[in-house]
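The values are calculated or read from the model by the stated rules, or taken from the named source; none is laboratory data. Values in this document were obtained by computation on a predicted structure and should not be read as measured data. Neighbour counts run over all protein chains shown; Cβ positions are idealised from the backbone, glycine included. The protein model used for the area step is the full one, side chains on, heavy atoms only, and it has no ligands, DNA or RNA in it. Shrake-Rupley method; radii C 1.70, N 1.55, O 1.52, S 1.80 Å.
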Amino acid sequence: MRVWIDITNSPHVAFFRPLLPLLAADGHEVEVSARAYAQTLELLELQGIAHRVVGPPHGGAGTLGKARAMAGRLRALRRFAKAGRFDLVLAHGSHEAMLVARSLGIPGATAHDYEFATVQHQLGLRAATRVVFPEAVPPDRLARFGAKPPKLRRYPGIEEEYYLADFEPDPAALDGIDTDKVLAVVRTPPDVSLYHRHANPLLGGVLERLGRDESVHAVVLPRTAEQRAAIRSLALPSLHVPEHAVDAQSLVAVADLTVSAGGTMVREAAALGTPAYSVFTGRLGAVDEALIRAGRLVSLTDPADLAVRKRDEAATRTRRDPRVLLELLLSA
């Protein structure tokens with residue numbers, strides 16, 4: 001079977017990384033398309049995943065820019081798909097890939113783990129022939145997007161427990177880091193995302209709290225060049241901002257704490273057993289709510305509440321078989 005995978009954001013690289021060798025082992029031919037956004041292309045290169053950039057880059061924060069970029073990318077993806085003669089399209093939230101698949105009569109399966117990305121879901125979940133979500137997300141939150149059983153398939157746990165099952169941190173990720181200090185990893189908010197339209201004063205407080213603490217080595221991972229410049233302009237001595245994409249999962253795995261204004265990185269921290277704090281100011285999804293109830297994630301309301309200390313080395317990980325996710329997607 002010829003399978004097309006469309007990757008449009010940095011976290012999707014991690015999601016599909018363990019699925020690609022499984023597809024190859026099963027004899028499927030796979031082609032990967034990608035969008036230039038955040039660290040997506042750098043991470044694909046870092047993981048050695050062959051890919052083709054298709055269509056214009058992300059349209060930015062404005063609705064008009066997004067609409068223009070989407071129209072251009074739909075046209076480019078349709079040409080790509082027609083030439084590829086694919087049997088199945090897979091994505092993690094790429095509504096564009098699902099729309100193209102629907103228009104060409106190709107089965108399309110998309111995974112997601114956040115139920116309040118309304119614009120994406122009105123397009124992508126409706127167009128898909130298979131929708132895959134964690135069991136933590138109540139089905140009634142997805143039904144309004146046309147995602148009902150049997151189209152909707154669900155799995156236990158969180159997706160990070162599946163795609164990180166075989167992951168072991170690379171010791172080289174600690175190169176240049178003062179390991180005598182408390183290692184904190186901080187992820188900035190998805191400023192250009194339609195579901196994240198709120199200011200985030202909490203993150204500023206976190207950066208101040210960590211950046212002025214001489215006992216801390218904080219690695220801040222921005223999503224855009226503008227965020228990188230803004231954080232560097234703070235000139236806080238304990239903040240370190242990489243110039244390019246790094247092996248963030250290895251950093252999170254060995255960190256003493258992780259703070260994120262998005263979602264993926266704190267869930268990866270929870271899966272890897274690292275203390276995780278969320279400063280997300282959008283509407284919390286069911287997955288994060290479940291992690292908070294289980295004590296695996298803290299919803300931070302005051303930077304003073306950060307436990308800035310060396311972590312317990314006895315932290316445990318949760319590992320699940322990634323083939324479970326693949327089989328749900330392949331059932332489209």
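Key figures
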| read-out | value |
| --- | --- |
| Listed peptides 210-223, 166-179 by packing density, highest first (mean Cβ within 10 Å) | 210-223, 166-179 |
| Virtual paramagnetic centre 7 Å along Cα→Cβ of residue 87, amide N under 14 Å, in segment 1-44 | 1-4, 23-31 |
| Reference-scaled alpha-carbon Rg (2.2 N^0.38 Å with N residues) for the chain | 0.97 |
| Spin-label model distance (nm) - residue 214 vs residue 312, 7 Å beyond Cα toward Cβ | 3.1 |
| Size of electric dipole in segment 74-230: Cβ of Lys, Arg +1 and of Asp, Glu -1, about Cα centre, debye, nearest 20 | 1480 |
| For the chain, built as a Gaussian network whose Cα springs stay under 10 Å, the top-fluctuating residue of 155, 277, 114 | 155 |
| Efficiency of FRET between residue 331 and residue 232 - r from beta-carbon atoms, R0 51 angstrom, step 0.05 | 0.65 |
| Cross-link partners of residue 148 among aspartates and glutamates (Cα-Cα below 12 Å; sequence separation of 8 or more within a chain) | 140 |
| Surface per residue (accessible, 1.4 Å probe) for segment 175-332, Å² | 44 |
| Where labels lie 7 Å past Cα in the beta-carbon direction, separation of residue 151 and residue 319 in nm | 3.7 |
| Sparse-neighbour loop sites [GluC sites (Glu not before Pro); segment 285-332; at most 13 other C-beta within 10 Å; DSSP] | 313 |
| The chain - mean residue ellipticity at 222 nm from DSSP helices (-39,500 (n - 2.57) per run, n ≥ 4, rounded to 500) | -10500 deg cm²/dmol |
| Global form of segment 158-283, assessed from the alpha-carbon gyration tensor, a/c cut-off 1.5 | oblate |
| Set of aspartates and glutamates near residue 310 by C-alpha distance (under 12 Å), chain-local residues within fewer than 8 positions excluded | 180, 256 |
| Theoretical gain in end-to-end length, residue 172 to residue 2 [0.36 nm per residue, Cα-Cα removed] | 57.6 nm |
| Share of carbon and sulfur in the accessible heavy-atom surface of the chain [1.4 Å probe, %] | 52 |
| Prolate/oblate/rounded label for segment 205-258 (Cα gyration tensor, a/c 1.5) | oblate |
